[in-house]
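In what follows, a single structure is set out as structure tokens and then discussed.
The values are calculated or read from the model by the stated rules, or taken from the named source; none is laboratory data. Note that the coordinates shown come from a computational prediction; the quantities given were computed from them, not determined experimentally. Cβ placement follows ideal geometry from the backbone for every residue including glycine, while neighbour counts extend to all protein chains displayed.
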Amino acid sequence: MPRQRKKKSKSKSEERSWRTVLQTQSRKVVTPAAKKRRLKRFTKAVASIFCSALALGIVAVVMYCLSVKPQIGWRPPSNLIRQILFQTDGTLKRHWLREVVDIPKNRRILDVDIQQIKQRLEQEGQVRSATVERLFPNILKVSVQENVPILKVVVLDENKRRRQLLVAKDGTVYAGQGYSQATLKQLPYLHGVRLKRAAAENSKAFAPVAGMEVVAELLEKARARLPEFYTTWRLVSCKDFDGRREFPGAVIEIHSLIAGKVLFFPSDFDEQLNRLQYVLEYTEQNRMQNIEYVDLSLNGQAALKYAKTAAVEHSR
Amino acid sequence: MDQSQIVGAIEMGTSKVVVLVGEMIKGQNLNIIGIGQSSSKGIKKGEIVDFKSASACTHAAIMAAEKNAGTQIEIVSLAQTGRHLKGFLNMGSVRVTDSENLVSQADIDRSISEAKSKQLPGNRLYIHHIQNSFFLDGHPVSDPFKMRGERLEVGYWHVHGEERNISDAIHVVNGFGLNVQDMILSSIASGCIVASETEKENGAIVIDIGSGVTDYVVYRGGYIVRTGVIPVGGDHLTNDLSLGLRIDCKHAEKLKHKFGKALLDHGEKSDKIWLIGDLTIGDRMIKRRALHQIINARVEELFSMIRQQVGELLNPKDLAGGAILTGGTSRLPEIDALAANVLGLETRLVENPSWVREDLRGPEYSTALGLLYYALTNPEKNKVSRKQRGIFKRVLSALRFR
């Protein structure tokens, strides 16, 4: 059986041992030798603490440098913008650019968000597309391609006042700036279309009008083929045309000063314009009455109505 | 992990303070790496009479030792001596409780507790409790555990001293910023280094004759059975010479060292010696025999006092190892012969072990060496001190700032 030593309680002899003498290292040094030793120990302690702190500091700095991933940052020299070049293929002026986009003069060229400027410009209805470029070291170039109006339309604004807007080839409805009165006077009115507000929240703009590409094609061909007759066109009605060419009964109605109403089928404009040209030439040659109504949408035929006389069917 | 400790052994004597610095490696090897000494002031017969002076000389010695060692002392072993030290034997006796009379650990513990239970007067403190042999039914045994017997006895030799003297010595060390890890009797420290295990087993008396006091320790059967302090030392011889020859102490000391001898030589009745010996005006001649007579009387008295104190223990049968003389005063020629005559024992002069460096082999360093040796061979105390070393000290040690 292994020996088990019991824990001994303190005997009277242990209570009266020399070990009970309280050993204190007095603050007050007794001798110069003790003072010198204390100073030496203090100096060593301070030095060791300093060295430890220094070593820890070095380790911390090294670890920090290792943890920070080096980034190769390259920036070309960035100067203040000296000039903003504005180019457009339309009628917009420089002051329009300043109103739409505010670029402070004392900005550095690299600090300008060109993508943001482009997006802001393209929000304007008159702008079809925009390009913003940095020409280093200090020139910002803004190039704009504008929409070309084909029609004009009158709307009532929120104060119930009439307001004239323009319609572009892609159906964009916009206010229009910089156009001359002569240009605006030449544009036919758009009729028969109910304008809708754009889908974006709180947008005051109108949604694009459907079918304007087709109307633009007609207007373009008419201007080219019958330029004098085109100048008498005053109104384009799309009440029977929703943009779908092949829809049964779809017609584009033109109101002109000399031919009354002219109805076009939304395709094959060349053939229809040929027939119209023939009708107009025939009428002029034979000094007939003014045309009140021409329907070119009939297949291969044209229905004609003169003023004060019955419609005469004419077959080619 | 640091496995070496720097141990300082401090002996505050009447003539000098000796500090030895040792490096204890893994508790198995000891290298003496430094020594410091200073002339003692404020210490008389091993007792501090002037605290400030004693502190100054002790601190100077410690500082010199640390500088010599190139490191700072971590733990201190302090030698204690002086007239105030007394010893007594106390026996603890218990009946074996086991029904089959087999001695249990509890019986041993009870007997030890009984032996240590003696109370001391209010102004005295225990320094040592030295276990002697166990006796089982009157027969000496080294380890009575599981032995059969009815009565178990153990003897303890207790050494105690005055609280004031002990605390003064401790506070001198504290004043330097060190704590005393262990306190050992000067005689025991000397005995553990100068007496071999065989001599201790056979029985021997080690007598350390210092400048102010003479310490002795008696071994029997490998145990320490008696210690004592006699307040007579080399200074008394000098004093006697000074008074007897009517010369100053400085010249008396010089004569003692140069011409002193313990035994009387019948052929030297008319021999004379010069007091100073360098043709100084005022120099005179002194009879050599007078010198020897004074010395012989005092030394004989010293050994007689030892014989009286040790008493019946001092017999050649029990102390076959004889008497071993050490201490600075043991350099006195023929002192061993005189001791043999007075004590009736084979006497030899000691030289410290050969593994000690040459400058420390003199008998005056026995106590300091013994302190270091004691610290090495008492591993329990060293383990405690190791645990107390904090992380900061270990770091400093690793950084070699300490």
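Results for (1) in a loop (DSSP other than H, G, I, E, B); (2) closer than 30 Å to B:T227 by Cβ, shown as yes or no for each residue.
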site	(1), (2)
B:H257	no, yes
B:L264	yes, no
B:S270	yes, no
B:I273	no, no
B:G277	yes, no
B:G282	yes, no
B:A290	no, no
B:A297	no, yes
B:E301	no, yes
ask   = Among the candidates B:G22, B:G42, which residue alone is within 13 Å of chain A (Cβ to nearest Cβ) and not basic (K, R)?
value = B:G42
remark   = Scanning the stretch B:354-396 for residues that are within 14 Å of chain A (Cβ to nearest Cβ), surrounded by fewer than 16 Cβ atoms within 10 Å (Cβ to Cβ) and not in a loop (DSSP other than H, G, I, E, B), the one modelled with the lowest pLDDT turns out to be B:V384
query = Looking only at the stretch B:326-348, which residues are outside any helix (DSSP H, G or I) and in contact with a helix residue (DSSP H, G or I) (Cβ under 6 Å, 6 or more places away or on another chain)?
reply = B:T326, B:G327, B:T347
ask   = Taking the stretch A:62-81 as the search range and keeping residues that are surrounded by 11 or more Cβ atoms within 10 Å (Cβ to Cβ) and over 21 Å from A:L121 (Cβ atoms), which one is modelled with the highest pLDDT?
value = A:L80
ask   = So which residues in the stretch B:24-43 are assigned to a strand (DSSP E or B) and crowded, with 18+ Cβ neighbours inside 10 Å?
value = B:M24, B:L30, B:I32, B:G34, B:I35, B:G36, B:Q37, B:S38, B:I43
ask   = Does B:E351 qualify as being within 22 Å of the chain's Cα centre (by Cα), part of a helix (DSSP H, G or I), within 22 Å of B:T14 (Cα to Cα) and of a type outside the set (K, R)?
value = no
key: Selection within the stretch A:124-147 - surrounded by fewer than 13 Cβ atoms within 10 Å (Cβ to Cβ) and closer than 17 Å to A:P208 by Cα   = A:S129
key: Qualifying positions in the stretch B:28-70 - in contact with a strand residue (DSSP E or B) (Cβ under 8 Å, 6 or more places away or on another chain) and on the phi > 0 side of the Ramachandran plot   = B:G42, B:G46, B:G70
query = Listed residues B:S99, B:S93; which is exposed (fewer than 14 other Cβ atoms within 10 Å of the Cβ) and either in contact with a Pro (Cβ under 9 Å, 6 or more places away or on another chain) or more than 11 Å from chain A (Cβ to nearest Cβ) (or both)?
reply = B:S99
ask   = Is it true that some residue in the stretch B:67-77 is basic (K, R), surrounded by 16 or more Cβ atoms within 10 Å (Cβ to Cβ) and not in a loop (DSSP other than H, G, I, E, B)?
value = no
inquiry  = Filter the stretch A:1-29 down to the residues that are facing chain B (nearest Cβ under 8 Å), assigned to a loop (DSSP other than H, G, I, E, B) and at pLDDT below 70 and list them by number.
reply    = A:R3, A:Q4, A:R5, A:K6, A:K8, A:S11, A:Q25, A:S26, A:V29
request  = Could you tell me which of the residues A:R275, A:R234, A:R225 is surrounded by fewer than 15 Cβ atoms within 10 Å (Cβ to Cβ), basic (K, R) and without any contact (Cβ under 8 Å) to a residue 60 or more places away in the chain?
outcome  = A:R234
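So that you can scan it fast, the table gives a plain yes or no per residue for (1) surrounded by fewer than 23 Cβ atoms within 10 Å (Cβ to Cβ); (2) within 14 Å of another protein chain (Cβ to nearest Cβ); (3) under 15 Å from the mean Cα position of the chain (by Cα); (4) small (G, A, S):
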{"residue": "B:M147", "(1), (2), (3), (4)": "yes, yes, no, no"}
{"residue": "B:S167", "(1), (2), (3), (4)": "yes, yes, no, yes"}
{"residue": "B:L185", "(1), (2), (3), (4)": "no, yes, yes, no"}
{"residue": "B:G191", "(1), (2), (3), (4)": "no, no, yes, yes"}
{"residue": "B:E197", "(1), (2), (3), (4)": "yes, no, no, no"}
{"residue": "B:V213", "(1), (2), (3), (4)": "no, no, yes, no"}
remark   = For the stretch A:158-174, the count of residues that are touching a strand residue (DSSP E or B) at 6+ places or on another chain (Cβ under 6 Å) and either over 29 Å from A:F86 (Cβ atoms) or of a type in the set (S, T, N, Q) (or both) equals 2
request  = Test A:R128 against the criterion of being at pLDDT 90 or above and in contact with a strand residue (DSSP E or B) (Cβ under 9 Å, 6 or more places away or on another chain), and give yes or no.
outcome  = yes
ask   = Scanning the stretch B:104-145 for residues that are aliphatic (A, V, I, L, M) and within 11 Å of chain A (Cβ to nearest Cβ), which turns out surrounded by the fewest Cβ atoms within 10 Å (Cβ to Cβ)?
value = B:A106
query = If we only count strands (runs of 3 or more DSSP E) wholly inside the stretch B:111-218, which ones have 2 or more residues that are more than 19 Å from B:G370 (Cβ to Cβ)?
reply = B:124-136, B:139-141, B:151-162
